[in-house]
Amino acid sequence: MANVSVYNMEGKEVGTLELNDAVFGVEVNEHLVHLAVVAQLANKRQGTQKAKTRSEVSGGGRKPWRQKGTGHARQGSTRSPQWKGGGVVFAPTPRDYTIRLNKKEKRAALKSALTSRVQDNKFIVVDELKFDEIKTKKFQGVMDSLKVNKALVVLADNDRNTVLSARNVADVKTAQVDSINVYDILKYNTVVATKAAVASIEEVYA
């Protein structure tokens with residue numbers, strides 16, 4: 001089992017924590033991780049883009065000039081794609097971009113992402129994150145003490161003061177255990193999790 005240091009909010013090491021190999025020590029499956037990221041980004045797409053083809057553009061019912069004898073190329077409609085105001089050749093139409101992964105694939109991808117962060121020493125555990133007031137400066141001070149920038153901060157519960165203190169810090173996102181995902185874990189350089197959050201992750205995904 002992997003051991004990681006536990007830090008306090010001042011950035012001082014206060015102990016160690018043994019991570020569960022069933023979650024943080026699995027074999028990294030890069031293919032599943034890739035699928036999970038592609039699926040998440042695809043599922044964010046609205047799929048509402050639309051443009052009109054030549055059959056949908058109004059007008060163009062009459063030939064603009066006779067077939068022969070004008071010196072121009074023959075034209076059948078002023079709504080052909082080469083005309084101003086004409087239709088689009090391969091116009092986008094509304095569609096569903098959804099990609100579905102089954103539960104086992106999602107769990108395996110998440111475990112792989114967490115394991116990769118532990119292996120790269122980009123997984124930091126803090127004993128707790130508690131703020132008496134909503135203060136961005138204090139939260140930034142904690143990040144500076146941990147020598148972290150661009151971090152995903154994982155909390156065990158929705159601590160309002162912590163969430164609102166972090167909201168205005170650039171390149172920091174807070175998430176609860178039930179809302180973490182592969183894309184965010186990989187997008188941010190470091191994962192910062194409280195001890196309680198680590199325990200919840202192991203309870204849910206082990």
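Observations on the model:
- Single condition residue 3 does not satisfy, out of (1) in contact with a strand residue (DSSP E or B) (Cβ under 7 Å, 6 or more places away or on another chain); (2) exposed (fewer than 11 other Cβ atoms within 10 Å of the Cβ); (3) touching a residue at least 40 places away in the same chain (Cβ under 8 Å): (3)
- Any hit, region 128-136, residues being closer than 26 Å to residue 43 by Cβ and either open to solvent by 80 Å² or more (accessible area, probe 1.4 Å) or under 24 Å from the mean Cα position of the chain (by Cα) (or both): no
- When residues of region 13-27 are limited to those that are touching an Asp or Glu at 6+ places or on another chain (Cβ under 9 Å) and closer than 23 Å to residue 108 by Cα, the one surrounded by the most Cβ atoms within 10 Å (Cβ to Cβ): 24
- Residues located in region 121-153, provided they are under 18 Å from residue 171 (Cβ atoms) and assigned to a loop (DSSP other than H, G, I, E, B): 122, 129, 146, 147, 148, 149, 150
- For region 90-120, the set of residues classified as assigned to a loop (DSSP other than H, G, I, E, B), without any contact (Cβ under 8 Å) to a residue 60 or more places away in the chain and open to solvent by 30 Å² or more (accessible area, probe 1.4 Å) consists of 90, 92, 93, 94, 95, 96, 97, 98, 102, 120, listed by residue number.
- Pair list, Cβ < 9 Å and 6+ apart or interchain, from region 61-85 residues that are open to solvent by 70 Å² or more (accessible area, probe 1.4 Å) to residues that are of a type in the set (Phe, Trp, Tyr) and at pLDDT 90 or above: 72/65; 74/65
- Qualifying residue in region 37-58 (condition: touching a Ser or Thr at 6+ places or on another chain (Cβ under 7 Å), modelled with pLDDT under 90, farther than 17 Å from residue 110 by Cβ and assigned to a loop (DSSP other than H, G, I, E, B)): no
- Qualifying residues in region 157-169 (those that are within 20 Å of the chain's Cα centre (by Cα) and crowded, with 16+ Cβ neighbours inside 10 Å) - the one farthest from residue 122 (Cα to Cα): 163
- Hey, residue 40 under 25 Å from the mean Cα position of the chain (by Cα), loosely packed, with under 11 Cβ neighbours inside 10 Å and of a type outside the set (D, E, K, R) or not: no
- Any hit, region 184-198, residues being in contact with a Lys or Arg (Cβ under 7 Å, 6 or more places away or on another chain), closer than 15 Å to residue 115 by Cα and open to solvent by 30 Å² or more (accessible area, probe 1.4 Å): yes
The values are calculated or read from the model by the stated rules, or taken from the named source; none is laboratory data. If you're wondering where the values come from, they're calculated on a predicted model, not measured in any experiment. Cβ sites come from the backbone with ideal geometry, for glycine too, and all protein chains shown count toward neighbours. Remember, those area values only see protein heavy atoms, side chains included, never the ligands or the DNA or RNA. Shrake-Rupley method; radii C 1.70, N 1.55, O 1.52, S 1.80 Å.
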